[in-house]
1. Taking every alpha carbon pair in segment 133-227, what does the distance histogram look like in 10 angstrom bins from 0, in percent?
2. Give the Rg (one decimal place) followed by the Dmax (whole number) of segment 62-116, computed from C-alpha coordinates and expressed in Å.
3. How many nm is it between the label spots at Ala190 and Asp21, if each spot is 7 Å from the Cα in line with the beta carbon?
4. Can you work out the FRET efficiency for the pair Ala152 and Glu172, with r the C-beta to C-beta distance and R0 = 30 Å, to the nearest 0.05?
5. If you take semi-axes √(5λ) of the Cα gyration tensor in Å from the coordinates, which of (1) 40, 24, 14; (2) 39, 22, 18; (3) 45, 22, 17 do you get?
6. With 17 Å as the cut-off, how large is the P(r) tail for segment 1-118, expressed as percent of Cα-Cα pairs?
7. Toward the positive end of the charge dipole of the chain, about the Cα centre and with charges on Cβ (Lys, Arg +1; Asp, Glu -1), which of Asn192, Ser30, His225 goes farthest?
8. In whole Hz, with x marking every Gly and Pro, tabulate ³J(HN,Hα) for segment 191-200 from phi via Karplus 6.51 cos²θ - 1.76 cosθ + 1.60, θ = phi - 60°.
Amino acid sequence: MTNRRIKLGIDWILKKGETVDEVANNFKVSTRRIEQLVKIFKETGKYPVLNPKRRPKVYLTEEQKHIIEQAYSESYLGARLLRHHIKKRYKQSIPQNKIHAYLLEIGLAKPDPKKQKKRKRCRYERKHSLSLLHADYMENNGVHVIAFEDDASRKILSIGEFNNSTTDNALEVLKVAEREAIEANGLIQAINTDRGSQFYPNKKDKNGEADSVFRDYLESKGIKHIPSRRNNPQ
């Protein structure tokens with residue numbers, strides 16, 4: 001949008017009777033944006049103008065596009081984890097939303113209608129960062145990836161790629177997340193995982209007790225372990 005297009009769009013709606021949807025489609029913006037501009041004009045009597053100091057839109061370079069395609073062919077990860085793969089392997093930081101948009105553009109990702117709707121149920125929605133992290137393994141073509149993600153901010157504090165899904169590898173990546181938390185002047189309060197053997201003691205001895213290196217480590221650090229319910233992962 002430009003200042004001229006903003007004025008044209010408002011005039012078309014208020015003077016020519018065009019609909020918000022028609023103007024939005026014509027200018028390739030959301031209907032919500034057009035509604036906001038019309039509302040400002042009605043309240044102030046002045047056409048809204050763009051902030052000249054706003055951050056200019058940045059587009060992917062051809063080199064970045066090539067890196068995304070190459071990294072995807074290596075890992076077949078989604079945009080969220082692919083961003084960290086690119087940062088680790090290619091030493092470049094490309095925003096997740098730009099990676100996802102480009103994957104959609106070249107047909108390597110599909111829009112998920114379920115994620116575009118309000119979820120009927122959400123078990124965890126913490127308000128404070130580091131009050132809860134989520135951790136899980138995923139495997140693709142023999143590469144086992146584990147990430148520790150903050151529930152409140154959805155920021156990935158640490159991520160690792162390994163040949164096997166083991167407790168030792170999980171703890172190695174967790175220790176990186178702990179250092180990230182300390183650098184942010186905070187401490188991890190709790191971690192949510194599934195009930196995989198890397199995190200949760202599934203076998204008990206004859207006394208009904210079970211050992212878990214992962215849980216023992218969390219206890220030593222004062223971190224609460226919250227395993228997901230069976231058949232109902234977070």
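No value in this document is a laboratory result; all are computed from the given coordinates. Given the structure is predicted, the values throughout are model-derived calculations rather than measurements. Every residue, glycine as well, gets a Cβ built from its backbone with ideal geometry; the counts of neighbours run over all protein chains shown.
1. Here the calculated profile for segment 133-227 is 16, 49, 28, 7, 0.
2. So, for segment 62-116, Rg and Dmax equal 10.6, 33 Å respectively.
3. 4.4
4. Given R0 = 30 Å and the Cβ-Cβ separation, E is 0.80.
5. The value computed from this structure is option (3).
6. 66
7. Ranked along the dipole, the leading option is Ser30.
8. For segment 191-200, the Karplus-derived couplings read 9, 9, 9, 7, 9, x, 5, 5, 10, 10 Hz, x marking Gly and Pro.
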